[in-house]
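Working notes, structure below.
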Amino acid sequence: MVVGEMVEQVDLAVVGGGPGGYTAALRAAELGIKTILIDAQPKPGGVCLHMGCIPSKALLHAAEVINVSRRSSEFGIKFGAPEINVDELRSWKEGVIDKLASGIGAMLKGAKVERLVGRASFQDSKSVRVDRDGESAVRVKFKHVIIATGSRPTKLPKLFKNPADIDSPLILDSTSALALQDVPKRLLVVGGGYIGLEMGTVYASLGSEVTVVEMLDGLLPGADRDLVRPLATRLEEEFKQIFLSTGVESLEVKGNKVVASLKGKDVPATMEFDKALIAVGRRPNTDELGLENTEVEIDQHGFIKVDEKLRSADKRIFAIGDVSGQPMLAHRAIRQGIVAAEVIAGKSSEYDNRAVPAVVFTEPEVAWCGLTDTEAKEKGIKVGTAKFPWSASGRALTLNEPVGQTKILFDPETTRVLGVGIVGPRAGDLIAEAVVAIEMGAVLEDLAVAIHAHPTLSETINEAALSAIGRLERQRAKEATSAV
Ligand code: FAD
Ligand code: NAD
């Protein structure tokens, strides 16, 4: 029962304290706007910090250490089997999260952003009610509001023969998988996307026998097939099995086991596992926000419809990050947070980025930005392709990582860079150069004449550009000769 309701009046309320929300609040405060940040969780950082990007990357670092040590026997350095203390690994990961959360808290305090912990729901287009602990509530009246409430895992309730099984500790989602309670001997991963492959990599390195079941005919549906191939080859060695074009018909918890019924070509009809991770996508947190009390419009997938200024159909209300559509990535939320705050401050900002990098932090990493081959084919866009295999990169060979590729898609008339895809270790760091190139309208020559340090993996971008320019020159010379 709510016994008291206080009222607060602010210029800007930001609902959701993830990367989108806290960035928006900081930028707004910097621009002199009186801002309150409302989040259901006591510590700032949202899904990304507490149950997404950061914990998964901490665990993936541990996985990399294990896997690189194992592979170092290929160059004469042999370690014994790792002794894994799951409790220490978990508390190291929690420590990383706590440090970052404290840092964000300090930044918000320094910027004089007021923080309110509680669950917000819209009363109308000018106010939200924030329920704190079921005992008290605050009504926050605002001139503008930014919704940044993020997303949550998609559950598959229809899969479960017994509806109560969905809440069994043997059935994991990304949050419980990251909590790392133990290392199951046999882990089923439903979904071969970002989470399935990243968390599959973590658990396989810690000793689980990982089985991935993906309903489509390839892993990572959004990525070009030539980038996925080297990863799929590595994962076939690391995982127990990968079933493509396969559906999970049902899941049943029987005692301390999970029994899965599968449907696909050459797959067993039933299999038994110790735990199952469901990683089949995420849905936006827009359903319990009281948006029916506003003019905000929602699309068929539950995302808030916004324009290029990130304004919803209700002119006081903005939406950023996972609630505003795909791709559901933290850096998109961050950029959108800055844009929304600037628009509210009266600046002429727009969310018009051409290249949103996508990075899958597997071994090897897969990263891409701008146009992909798949998209070019679908849209009938003519592209030239520049490729450089990492087997010819000095740095890749010194790292004992010769399997990788850097690919540039360019406009064949102007050589303007349209898209870049990279597979190999640290692809996620390398893709930054491609993002800048695309945003600046760079042509192949820009990437070719800029000096890249030797020996580094960044040279693969330079080499890909140089090889395409050489090929274009030879082609033009041939055309000129045959025209004479
Ligand atoms: P979120 O981070 O989801 O934060 C939303 C906040 O709103 C939460 O704190 C929530 O408590 C709060 N909230 C919700 N409803 C209410 C309410 N009614 N009232 C008050 N508060 C509310 N992205 C990457 O770019 N790189 C990665 O490496 C990466 N790894 C990931 C790994 C995993 C396992 C997962 C699950 C996701 C990963 N993502 C990654 C995606 C990334 O986490 C999201 O894109 C990002 O968190 C979205 O940020 P956001 O600001 O939109 O919202
Ligand atoms: P996803 O969309 O990346 O992958 C889901 C996969 O599950 C797809 O391949 C899909 O075909 C498959 N699938 C769907 N239904 C299925 C079913 N019934 N049976 C078998 N397979 C099925 O989703 P995710 O892995 O859950 O991740 C959610 C989102 O979180 C990502 O799309 C991404 O936006 C974000 N994320 C990003 C990172 C990163 O940036 N490195 C890491 C993790 C998550």
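Just a few scattered comments:
- Accessible area (Å², 1.4 Å probe, nearest 10) - Trp92: 110
- Spin-label pair Met107/Leu397, simplified geometry with 7 Å Cα→Cβ offset, distance in nm: 4.2
- Between Gln181 and Glu5, the simple spin-label model (points 7 angstrom out along Cα→Cβ) gives 3.9 nm.
- With 0.36 nm allotted per residue and the present C-alpha distance subtracted, the Glu236-Ser136 stretch has 30.6 nm of extension available.
- Karplus-derived 3J(HN,Hα) values for region 422-427, using 6.51 cos²θ - 1.76 cosθ + 1.60 with θ = phi - 60°, are 9, 10, x, x, 6, 4 Hz; glycine and proline are entered as x.
- Computed over the chain, the per-residue total of -39500 (n - 2.57) for DSSP H runs of n ≥ 4 gives a 222 nm mean residue ellipticity of -11000 deg cm²/dmol, rounded to 500.
- Only protein heavy atoms count here; under a 1.4 Å probe, His331 has an accessible surface of about 80 Å².
- C-alpha center-to-center spacing [region 303-367, region 234-261] in angstrom: 35
- Here the Karplus curve 6.51 cos²θ - 1.76 cosθ + 1.60, taken at θ = phi - 60°, turns the phi angles of region 125-140 into couplings of 6, 10, 7, 10, 9, 10, 7, 8, 9, x, 9, 9, 9, 10, 9, 9 Hz, with x standing for Gly and Pro.
- Mean separation of Cα contacts under 8 Å (6+ apart) over length of region 155-280, as relative contact order %: 35
- Taking the 1.4 Å solvent-accessible surface of the chain as the whole, the part contributed by carbon and sulfur is 54%.
- Where Met199, Met440, Met328, Met107 fall by accessible area, highest first, once all protein chains stay in place (1.4 Å): Met440, Met107, Met328, Met199
- For region 307-322, Karplus couplings with θ = phi - 60° (6.51, -1.76, 1.60), whole Hz, Gly/Pro x: 8, 5, 8, 6, 8, 7, 5, 9, 5, 7, 10, 10, 9, 9, x, 4
- A straight chain from Glu375 to His454 at 0.36 nm per residue would run longer than the Cα-Cα distance by 25.1 nm.
- Per residue solvent-accessible surface (Å²) - the chain, probe of 1.4 Å: 47
- Area of Glu479 that stays accessible when all protein chains are in place (1.4 Å probe, Å², to 10): 100
- Equivalent ellipsoid semi-axes - Cα gyration tensor, region 156-254, angstrom: 23, 16, 11
- Mean Cβ count within 10 Å, highest first, over the residues of peptides 56-67, 26-37: 26-37, 56-67
- Prolate/oblate/rounded call for the chain, Cα gyration tensor, a/c under 1.5 rounded: oblate
- The residues Arg395, Arg282, sorted by heavy-atom accessible surface at 1.4 Å with ligands and nucleic acids left out, run Arg395, Arg282 from largest to smallest.
- Accessible surface, 1.4 Å probe, highest first, among residues Arg335, Arg129: Arg335, Arg129
- Residues whose amide H comes within less than 5 Å of that of Phe318, counting only those at least five positions distant or on another chain, are Val145, Ile146, Ile147, Ser312 (H built at 1.01 Å from N in the peptide plane).
The values are calculated or read from the model by the stated rules, or taken from the named source; none is laboratory data. Remember, it's a predicted structure, so these values are computed and weren't measured experimentally. Because the Cβ atoms are built from the backbone with ideal geometry, glycine has one as well, and the counts that use them run over all protein chains shown. SASA here: full protein model, heavy atoms, side chains in, ligands and nucleic acids out. Shrake-Rupley method; radii C 1.70, N 1.55, O 1.52, S 1.80 Å.
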